[in-house]
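A short write-up of the structure that comes next.
The values are calculated or read from the model by the stated rules, or taken from the named source; none is laboratory data. Because the structure is a prediction, the values reported are computed rather than measured. Note: ideal-geometry Cβ built from the backbone for every residue, glycine included; neighbour counts use all protein chains shown.
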Amino acid sequence: MGKTSKDKRDVYYRLAKEEGWRARSAFKLLQIEEYFHIFEEVNRAVDLCAAPGSWSQVLSTRIRCGSRAENAKIVAVDLQAMAPIEGVYQIQGDITKLSTACQIINHFEGDKADLVVCDGAPDVTGLHDMDEYIQHQLLLAALNITTHVLKEKGTFVAKIFRGKDVTFLYAQLSVFFPSVIVAKPPSSRASSIEAFVVCRDYSPPPGFIPSMENPMMEGGYSEEFLKTQGINKMIVPFVSLGDLLIYDSDTTVELEGGGVGYKSKEATQLPISPIYEESLSLRKRNALAKTEDMLNKIVISEPSSSSSSIDRQ
C-alpha cells in the first residue's frame, strides 16, 4: 500500500491504514465473512496468492482467537516474498505445483483445510478480454490446488472477473460445490467487474482424483462433466453485500477527525520487493538525465561576461 501526497484515495484505502491492514482488500474478506459467516468452525485455512498479506491478516485475527487459537493453523502461499504475519506459515511457491499442495498438507500434519481463499489477480493490461481470460485461468489454478487441500464440506472463496464467458466458470465450480454464490462487497468498487465466488460444501464427483498433470477443463469427469451442458442458461445467485449506510468505495469520504490538522498514517507494511521498483528507478534516472541536459543547454546558451561588455560598447 503506497501513499499519495494528499492521501485522497478512497475511504477503504485510508481506513486500512488507520486500522493497521496491509491493503484495503482486507475489508472485502471481512464483509464476506459478515454476510456468509465463512469463518465458523474453521481451524485450518489457506490463503492463495496472499501477498501483500491483508487476507492473511484477517484470517490470523479472526481464526486465531478464543478457544480456537491453540489449534488454528493458517498457510499463506505466494510467488513473492511477504513480510511475516503472526500465526501465519508462509510458503513462497507456485500454486500450480504439486509440491506446494504437499507443503500445505504437511503443515496441517496430514489434515486438510476447512477454508481456502484466493484474492489473486493478474496485472491488468486494459485489454478486457485478455484480463478476464488470465483471471479465469488463475481462478482455475486456485480451484485445482483447492481440490488437493480442501476437506469435504469445506469452503472456497475466490476473486472473479464477471465477463461474458463467466458462466462456464460457474458451471465448472458447480461440479465441485453444490452452493455457488457471487458476492459483491461494498469495498469492491462498483466501477470494477471484480466480484467474489463463495463456494460451500465441497463435494467432488464420485471417483474424482485431484491431479496437477491434467488441465481441469479437459473433461475427464465422464458423466459428471457432461452436466456442464447448457452453460449459457446457467444462473448463479448474485448478492450485493451491505446497505446504504456502508461507505461508497467509489467516492472520497472524510474519515472521523479527518479535517484540519488530520495527519495521514504511513502504510502498515511496505512491499518487500515490488515488481514496479525497477520501473520507478528508471523513471527517476530519466528525469535526472533530462534535468542535467536542460541545465547544460542553459549554461551553453548564456553569454559570457566579456562578450556582454563588448556588445554594450
Every pair of residues 6+ apart whose Cβ atoms lie under 6 Å, when the first sits in region 129-155 and is on the phi < 0 side of the Ramachandran plot while the second is in a helix (DSSP H, G or I) and at pLDDT below 90: His136/Leu169; Leu140/Met216; Asn144/Met216
Cβ contacts < 8 Å: first residue at positive phi and touching a residue at least 40 places away in the same chain (Cβ under 8 Å), restricted to region 189-201; second residue among the aromatic types (Phe, Trp, Tyr) and not in a strand (DSSP E or B), any location; separation 6+ or different chain. Result? Asp201/Phe177
Hey, can you tell me all the residues within region 262-290 that are assigned to a helix (DSSP H, G or I) and either touching a strand residue (DSSP E or B) at 6+ places or on another chain (Cβ under 9 Å) or of a type outside the set (A, V, I, L, M, F, W, C) (or both)? Glu277, Glu278, Ser279, Ser281, Arg283, Lys284, Arg285, Asn286, Lys290
May I ask you to verify whether Tyr89 is of a type in the set (Phe, Trp, Tyr), more than 25 Å from Pro210 (Cβ to Cβ) and in contact with a strand residue (DSSP E or B) (Cβ under 9 Å, 6 or more places away or on another chain)? no
Just checking, how many residues over region 189-209 are acidic (Asp, Glu) and in a strand (DSSP E or B)? 1
Do we have any residue at all in region 226-233 that's over 20 Å from Ile160 (Cβ atoms), modelled with pLDDT under 85 and either not assigned by TED's automatic domain parsing to the domain that holds Glu33 or not in a loop (DSSP other than H, G, I, E, B) (or both)? yes
How many of the residues making up region 69-89 are under 16 Å from the mean Cα position of the chain (by Cα) and closer than 16 Å to Val149 by Cβ? 4
For Arg62, are the conditions met, namely being charged (D, E, K, R), surrounded by fewer than 21 Cβ atoms within 10 Å (Cβ to Cβ) and at pLDDT 90 or above? yes
Identify the residue in region 257-305 that is β-branched (Val, Ile, Thr) and exposed (fewer than 10 other Cβ atoms within 10 Å of the Cβ) and, among all such residues, is modelled with the highest pLDDT. Ile298
So which residues in region 195-215 are at pLDDT below 90 and touching a Ser or Thr at 6+ places or on another chain (Cβ under 7 Å), if there are any at all? Pro210, Met212
In region 90-134, which residues are surrounded by 17 or more Cβ atoms within 10 Å (Cβ to Cβ) and among the charged types (D, E, K, R)? Lys112, Asp114, Asp119, Asp131, Glu132
Restricting to strands (runs of 3 or more DSSP E) lying wholly in region 46-155: which have 1 or more residues that are of a type in the set (Lys, Arg)? 73-78
Taking Ala158 as the residue in question, decide whether it is touching a strand residue (DSSP E or B) at 6+ places or on another chain (Cβ under 6 Å), in a strand (DSSP E or B), buried (at least 17 other Cβ atoms within 10 Å of the Cβ) and touching a residue at least 24 places away in the same chain (Cβ under 8 Å). yes
Anything in region 115-138 that is aliphatic (A, V, I, L, M) and farther than 23 Å from His37 by Cβ? List them, or say none. Ala121, Val124, Leu127, Met130, Ile134, Leu138
